[in-house]
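The values are calculated or read from the model by the stated rules, or taken from the named source; none is laboratory data. All figures in this text were calculated on a predicted structure; none of them were measured in a lab. Cβ placement follows ideal geometry from the backbone for every residue including glycine, while neighbour counts extend to all protein chains displayed.
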Amino acid sequence: MLQNSVRRIGMLLGCFTLATGAVMNGPALLLGQALQPKPTPTAPAPDKDPLKILSDTARRMENEQTFEFKYKLREGEVIRWNVDHFATTETRAQADHDNTKSRAQSVVKWQVTNVDSLGNTTIMLSLESADMWQQTDELPPVEYNSRNQRGEIPEAYRQFAEWIGIPMATYQINTNGQVIDRQEVYRSVKFGVGDLTMPLPGRPVRLGQAWRAPGNLMVRHNDGIQRNIKTQVEYRLQSVDNGVATVSFDTQVLTPVDDPRIESQLMQQMSQGTVLFDLNRGQMVGMNLGWNRRCLGFKGPDSSVAYNAKYTMRQLQSSDAGEEEKAKAVNKDHLQIGIRMAEDGPVFRW
């Protein structure tokens with residue numbers, strides 16, 4: 001009996017101990033869990049794609065990168081250009097309707113005769129060859145080929161025939177491409193950008209940045225007086241690929257013009273296109289232009305003139321002269337100035 005009583009008391013004490021331990025230890029365990037810091041939520045892992053990181057970095061560096069333009073022509077260097085110019089001029093005035101098409105292909109030589117200590121460069125120009133063709137309406141075409149001319153040279157091209165192989169003009173430019181001295185035989189011969197070289201910004205530029213160069217064009221008013229029209233050409237760096245920069249440009253007229261006759265004289269001279277410039281060699285290597293312009297009312301309410309043209313200038317060769325060529329003096333007391341009228345033929349550019 002005593003043993004059974006003792007056994008029952010022991011079981012009761014064991015139950016009490018277990019119950020007491022559960023009550024005492026339970027809250028302590030919960031409190032310990034409550035005191036532990038909760039884990040903070042982690043932000044999503046950043047995109048660690050190496051290609052994307054490199055691409056973003058390259059794009060950022062490209063946007064921040066600057067490019068310096070400077071002419072670096074060498075004394076004795078000879079540059080040859082292949083020039084193509086195709087144009088169509090359609091003129092309507094009352095009952096008259098003229099449609100003139102022309103093509104001019106030429107090889108032009110630049111010879112660098114001197115580079116001084118400041119980098120000012122003297123360039124002598126000559127026309128090595130010309131293949132020209134023009135037709136108005138259904139009339140027989142007029143042609144001239146300096147390398148393979150058959151028969152008499154047409155009157156329209158006799159002036160060009162006299163220029164073949166002789167110094168046409170001498171220009172001196174600084175490292176920014178500004179013409180600081182010139183001797184010309186005939187000013188009505190046009191260059192694609194309006195002058196011999198593309199003017200440079202004179203400071204490093206980033207992609208998308210622009211610079212401007214002032215200019216003027218000469219026109220004749222109804223009273224017969226010649227006047228200048230102020231213009232500017234805006235240049236903008238579009239891209240750089242393997243050291244060759246693509247620069248777009250557009251001619252903007254600053255002088256207010258509300259006379260269709262004046263507009264008709266300006267339309268062929270307002271250039272728009274792109275220039276390719278080799279940053280390492282410091283020289284232009286190509287040019288592309290286009291015109292698609294129309295003017296209404298230049299000879300009354302029923303008149304119109306439309307001008308469509310394409311012009312390309314591509315560098316054929318750039319090398320040192322094998323031997324020095326003797327420059328022929330270009331000596332003109334009075335320069336000839338040509339003013340283009342709407343009814344004139346297309347401008348010959350080279």
Given (1) closer than 20 Å to Lys101 by Cβ; (2) touching a Cys at 6+ places or on another chain (Cβ under 8 Å); (3) without any contact (Cβ under 8 Å) to a residue 40 or more places away in the chain, number of the condition Met267 does not satisfy: (3)
Residue by residue through the range 280-307, note down the ones that are out of contact with any strand residue (DSSP E or B) (no Cβ under 6 Å at 6 or more places or on another chain) and under 30 Å from Gly119 (Cα atoms). Asn280, Arg281, Gly282, Gln283
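Condition check ((1) in contact with a strand residue (DSSP E or B) (Cβ under 7 Å, 6 or more places away or on another chain); (2) at pLDDT 90 or above; (3) farther than 29 Å from Phe69 by Cα) across all residues:
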residue: Gln134; (1), (2), (3): yes, yes, yes
residue: Glu138; (1), (2), (3): no, no, yes
residue: Ile153; (1), (2), (3): yes, yes, yes
residue: Ala156; (1), (2), (3): yes, no, yes
residue: Ile164; (1), (2), (3): yes, yes, yes
residue: Met168; (1), (2), (3): yes, no, no
residue: Asp181; (1), (2), (3): yes, yes, no
residue: Val185; (1), (2), (3): yes, no, yes
Looking at the structure I just gave you, is Arg7 farther than 30 Å from Arg261 by Cα and at pLDDT 70 or above? no
Can you pull out the residues in the range 216-241 that are closer than 30 Å to Ser303 by Cβ, assigned to a strand (DSSP E or B) and not hydroxyl-bearing (Ser, Thr, Tyr)? Asn216, Leu217, Met218, Val219, Arg220, Gln226, Arg227, Asn228, Ile229, Lys230, Gln232, Val233
For the range 133-140, indicate whether the set of residues that are surrounded by fewer than 16 Cβ atoms within 10 Å (Cβ to Cβ), closer than 21 Å to Gly76 by Cα and out of contact with any Asp or Glu (no Cβ under 8 Å at 6 or more places or on another chain) is non-empty. no
